[in-house]
Amino acid sequence: MKAVAADVAPTMQLAVRFSGAAIFFGVWVFMREGRAALADGTMRSGLLIGTMFALEFIFVGEALAHTTAAHTIVFLYAAPIFTALGLQFLPEERLRRLQWAGITIAFLGIVVAFLGRAGRPTGEMVGGDLLALLGGASWGLTNVVLRRGRVGNAATEKTVFYQVATAAVVLLAFAALTHQTRVVLSVSTILALLFQTLVIAIASYLAWFWLLRHYLTSRLMLLSLLTPIFGVVLGALLLGDPIDLRFGLGSLFVLGGILIVNARQILQRTFL
């Protein structure tokens, strides 16, 4: 997204990505279920997770205009905290004290790895940080709705369809209202949009929602804290972004937190 932002605004890239994914998953759903696809009682919670999904990306896109990318990543990846808090009503999802300590350590690792100084006005940065935090809340609570709403019992492809279709409509409307619909086609732009649609919005979402149905949501969300680390590593390899001691130390905290949360399962698999 960053590499082709000059040709296509990030919000418009997201709208195109989700539009393509909506067509793919829409055809899949209606071929399997026909006209009764949306009459199974899942539409209400499906539209809710789709709206929250869209809001997540809107908040993040706007946050980047007011604060640093490091701040945005830190507050966006507070999502596991919102997920864990929202899922405390489910006995099988409740975290023990040691696991809460793991979440705290992992989040501190994200802060250490990505939080840096910036020369922007404090008030502007606070507003951007708040938007990023709202993005994290939207992402985290989306998983709560998925687990507790009727859409959680729907087929994976239908769940993804609700999200990407709603996000496509909302993001296209937002891009139009904010005059971010300009698209300059080039080889790089076309390849970037194809990658985002086929790999990110189709293949990875299928894998993610399959995982959500087979593993505890709170622990999967903690593992997702590795995402910004991969982002920085790839940024260093592809864009020449520096990796300093802060990043290395933060990475150790993140990995340590993940190990703490999963310590019981790791010990059981190793010694039993």
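Only the coordinates and a few stated rules stand behind these numbers; no lab work does. Everything numeric here is computed off the predicted structure, so don't read it as measured data. For neighbour counting, all protein chains shown are included, and Cβ atoms are generated from backbone atoms with ideal geometry for every residue, glycine included.
Table for the structure above
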read-out	value
Summed side-chain charge close to M1 - residues other than M1 whose Cβ falls under 12 Å, Lys, Arg +1, Asp, Glu -1	+1
Label point distance in nm, L252-A176, each placed 7 Å from Cα along Cα→Cβ	5.3 nm
Theoretical gain in end-to-end length, A203 to R97 [0.36 nm per residue, Cα-Cα removed]	34.7 nm
Simple spin-label estimate for R35 and A236 in nanometres, 7 Å along Cα-Cβ	5.8 nm
